[in-house]
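Heads up: the structure comes next, in structure tokens.
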Amino acid sequence: MNIEVLRAFSVVILCISSYIYAQGMKQNSPPHIVMIVADDLGSNDLSYRGFNQITTPNLDAMGFNGIILNRHYTEAICTPSRAALLTGQYPIRIGMQGEPLKAGEDRHLPSDVQTLPQLLKERGYDTYLVGKWHLGPARRDDTPTRKGFDYHYGYWNGYVGYFDHEIPVPISPSISYNGYDMKENFKDAWIDKGKYATHLFTEKALDVIDQQNIDTPMFLMITHLAAHTGKDGLVEGYDEQEMNNTYSYVEDLQRRRYLDAVRHLDDSVGKIVEKLQQRNMLQNSVVVFMADNGAQINGRFKNAGSNFPLRGEKFSHHEGGIRNAAVIYSPLLEKRNYVHDELIHITDWFPTLYSLAGYAGRYKLLNGTIQSGFFDTFSPEPTSLKQMDYDVAAILNSPVNKAIEESKSNPVMLDETLITGLRKYSSALRQFPKCMNKPENPEICKKYCLFDLWIDPCETENLINDRSKAKIVSTLKTRLQTFWRQVSPQTNKNVDVNSNPAKYNGTWCTWLDDELCVKTRINADY
């Protein structure tokens, strides 16, 4: 029996069983909901986590003014995580588990599964997606504007080049399909080719906020490319000369590019929160930031990210793959300025956010749990890494902190003492005795693993053969068998040769709706 499956389900069981007691949320009308999702972001690569190789002042300010979600769990890879987020269901229940969806693959969310934006629309929300989709591009009915979003600007597949917005997919050792994948709804956005993706998505998100009727609730989801690798398996920084000057203390070029991508991601968060305040929307907004999974350390798409000191990476069900960065800010939170240590799973966002829209019941078939407590009581590094001092002033002067101060909605204003204390707590796992040293054996599991994550978050000691844990092991094995009986068949398929962008003017199109695609204006034998 696969240990990674056991680890994934064990975490889910814990997440769903957790409950946070309610005390009452300050809300008169449905709030604007803004979700910002980073791609392949290392759990170690934000400065509020105690990391000193880069300062992320906007995300730090968002977490310190709001809540740092210290035990936020996702799926181990992108397509399953996004499916879980938008449906509130475990991917195994809807056939969306397994490998990330490939460009040219006919796989999609089941047509009978409703998404969060579809239900929010029913409750009067305007719904927008800016950025990555990765949940099906073969037919128009599989794409964002047929799955609940009023508007989509971004790409349908798993990643694109940061500047050229193209994605290749290998068909054989000698053949690869390559096509442009940047859309505004169904229109190819050729005019934006050459623009840095993070800046482009930020501009589009700001346009959405600028044009929104502030009396109508808004659901805006921004799913960034950063910090995933781009077209050639490399993370692309915005300006190489500026990047090299800024991160001259970092020896590895790929690491410098990754840090630059994270810096621009943090800047994007600052601009979005700042715009909400300028439009007088921040006081009735909920802003969530999360990573879809951990950084990828090995393989074709390794991005030079760091999940230290957690074991594992993207594709792994160890903590480094599934315990990921997340923060939430809202003036509606009764309690703020703290680190939340309870378990939360990515499926919980669906019912939690849906409840904010005024839905008081329980939507059928959901696996997630309403985390009412968010709003009701929401009241050392490896020596090889060269670092810098933590810049408290950068957090205090960040666009996010300035916007929050201007909104006059936080009863407690940030200062150096509060920032230092919260940062120390949110980076506390670095100080666990079992986390102080790199594990001697990176492959600690054979068939099963059992870890006590409260005292061993870095998964250094496998307790599967500990006799005192026999009852726990038996319970989890029984629970695992229950999940196995509920697994839907995986829907993974090979790349369809008919999807070749060469047929469609060099773009990835909804090739199974061929009559709606723009064709190449030359005769070619496909």
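Within 10 Å of each residue's Cβ, count the other Cβ atoms and sort Ile36, Ile455 from fewest upward. Walk me through the numbers before you get to the answer.
Details: Ile36 25, Ile455 10.
Final ranking by Cβ density, sparse to dense: Ile455, Ile36.
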Between Arg467 and Lys424, what FRET efficiency follows from the Cβ-Cβ distance if R0 is 45 Å, with the result rounded to 0.05? 0.75
Extended-chain gain in nm, criterion 0.36 nm per residue less alpha-carbon gap, Leu453 and Gln490: 10.3 nm
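State, as an integer percentage, the relative contact order of segment 170-248 based on alpha-carbon contacts under 8 Å between residues 6 or more apart.
On the way: 26 pairs, mean separation 13.2, N = 79.
Worked out over segment 170-248, it gives 17 percent.
By count of other Cβ within 10 Å, fewest leading, how are Met218, Met96, Met182, Met35 ordered?
Working: Met218 23, Met96 29, Met182 26, Met35 20.
The order, fewest Cβ neighbours first, is Met35, Met218, Met182, Met96.
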Tell me, what is the FRET efficiency for Ser248 and Thr520 to the nearest 0.05, using R0 = 60 angstrom and their Cβ-Cβ distance as r? 0.85
FRET efficiency estimate (nearest 0.05) - Cβ-Cβ, Gln211 to Thr478, R0 35 angstrom: 0.10
Counting other C-beta atoms within 10 Å, which of Asp260, Asp232, Asp106, Asp466 has the fewest, and how do the rest follow? Asp232, Asp466, Asp106, Asp260
Within a Cβ distance under 15 Å of Ala393, other residues only, what is the Lys/Arg minus Asp/Glu net charge? -4
What is the Cα radius of gyration of segment 21-115 over 2.2 N^0.38 Å, N being its residue count? 1.38
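Label segment 101-225 by shape, choosing from rounded, prolate and oblate, from the square roots a ≥ b ≥ c of the eigenvalues of the Cα gyration tensor; if a/c is under 1.5 it is rounded, and otherwise prolate applies when a/b is larger than b/c, oblate when it is not.
Working: a/c = 2.92, a/b = 1.39, b/c = 2.10.
Because a/c hits 1.5 or more and a/b fails to exceed b/c, segment 101-225 counts as oblate.
Ranked highest first by average number of other Cβ atoms within 10 Å, how do 42-52, 192-202 line up? Walk me through the numbers before you get to the answer.
Working: 42-52: 23.8, 192-202: 19.5.
So the peptides 42-52, 192-202, ranked by packing, come out 42-52, 192-202.
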Taking N as the number of residues in the chain, what is its alpha-carbon radius of gyration divided by 2.2 N^0.38 Å? 0.93
Computed, not fitted: 222 nm per-residue ellipticity of the chain from DSSP H runs ≥ 4 (each -39500 (n - 2.57)), nearest 500, equal to -8500 deg cm²/dmol
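Bear in mind that the values in this text are calculations on the coordinates, not laboratory data. All of these numbers come straight from a predicted model, not from anything done at the bench. We place every Cβ from the backbone using ideal geometry, glycine too, and count neighbours over all the protein chains shown.
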